[in-house]
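The values are calculated or read from the model by the stated rules, or taken from the named source; none is laboratory data. It should be emphasised that the depicted structure is a prediction, and the values quoted were computed from it without experimental measurement. Please note: Cβ atoms are built from the backbone with ideal geometry, for glycine as well, and neighbour counts cover all protein chains shown.
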Amino acid sequence: MKKLAGKKRNTGVRESVRKRRKRRKIGRMILTAILIIAMLAGLCAILIWKVFVVKSVSVKGNEIYTDKQIEDWVLDKEYSWNSLYVYFENKCNKTEEIPFVDSLRIRLKSPQKLEITVVEKGILGYLYVPSLGKNAYFDKDGFVVEISSEIIPGVTKINGLSVQTAELYKKLSIGENSKLLRTLLSVTQLLKKYERVPEVILIQNSNVYLSYGAIQVNLGSGTDLNEKILRMDQILLQLDGMSGMLHLETWSETNTDIYFRNGELVEIPNDVQTVPTQDDSTQQ
């Protein structure tokens, strides 16, 4: 009996020693894994700190702002020198709103090179809103995409529309003149299509006038616009250096008369938008 008890005690001691060794082995493995992870993390941190440094930035899709302006907007944070930070900042956080810019997309082309793609708002023209003291920029559907005191070069100014106010991302409200708005949108889209964007479009007495410096064009009330603008495009080349009015208002498939009156120009006042009538305002 004593021998059996001694054997049991020895077996228990050996089992206890094996368990302690196993625990130590597991502990060493965990410690080793932690050290390896820490070393890898440290190595990654060094790589991120030393390798992912912005050295080159390319910008595309921008017309309103220069490459330098876009770059300055994107790299304006404390850690913006780090390309990975800039990339994930753009992915995870909403970009600070930039006037006339819909979105910015950043691509990491290499650890040192960023590519910024600018998606600008589709601006077709703008008009001055007296009640706001600012310009309302609108898109091809007549929705206001920006309200700003800035004037963007190359964007057509609209004079002669009665606009009481304008609200961002809402359609221009011009009372009973919805037909006139449709005409205006058609004209501006066609002019952009044929790359004949004028300095100013004047709406006067239901006629649409285009101003190209010393040459003005009367398109009339908005009928046969595509055909009129096609013919205007061909004729304007022949009027270089002249001053006067090109009349297309009466042109139609049955009446193809087009004439130019030398020296005839309509006055285009600065911001001639008028205050809407009571009837207009009550319908808004």
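Taking the criterion of being outside any helix (DSSP H, G or I) and under 19 Å from Met242 (Cα atoms), would at least one residue in the range 177-195 satisfy it?
No, the range 177-195 contains no residue that is outside any helix (DSSP H, G or I) and under 19 Å from Met242 (Cα atoms).
In the range 188-203, which residue that is in contact (Cβ under 8 Å) with a residue 40 or more places away in the chain and not charged (D, E, K, R) is surrounded by the fewest Cβ atoms within 10 Å (Cβ to Cβ)?
Per the stated criteria, the residue is Gln189.
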### Summary
Of the conditions (1) in contact with a Ser or Thr (Cβ under 9 Å, 6 or more places away or on another chain); (2) over 20 Å from Tyr65 (Cα atoms); (3) surrounded by 20 or more Cβ atoms within 10 Å (Cβ to Cβ), the single one that Asn135 does not satisfy is (2)
## Note on the structure
Output for Cβ contacts, cut-off 8 Å, separation at least six or different chains, first residue among the charged types (D, E, K, R) in the range 204-228, second assigned to a loop (DSSP other than H, G, I, E, B), reads Asp224/Trp251; Asp224/Ser252; Asp224/Glu253; Glu227/Trp251; Glu227/Glu253; Lys228/Leu248; Lys228/Trp251
### Query
Of the numbered conditions (1) within 30 Å of Ile174 (Cα to Cα); (2) outside the structural domain of Thr165 (by TED's automatic domain parsing); (3) crowded, with 18+ Cβ neighbours inside 10 Å, Glu97 satisfies every one except a single condition; which is it?
(3)
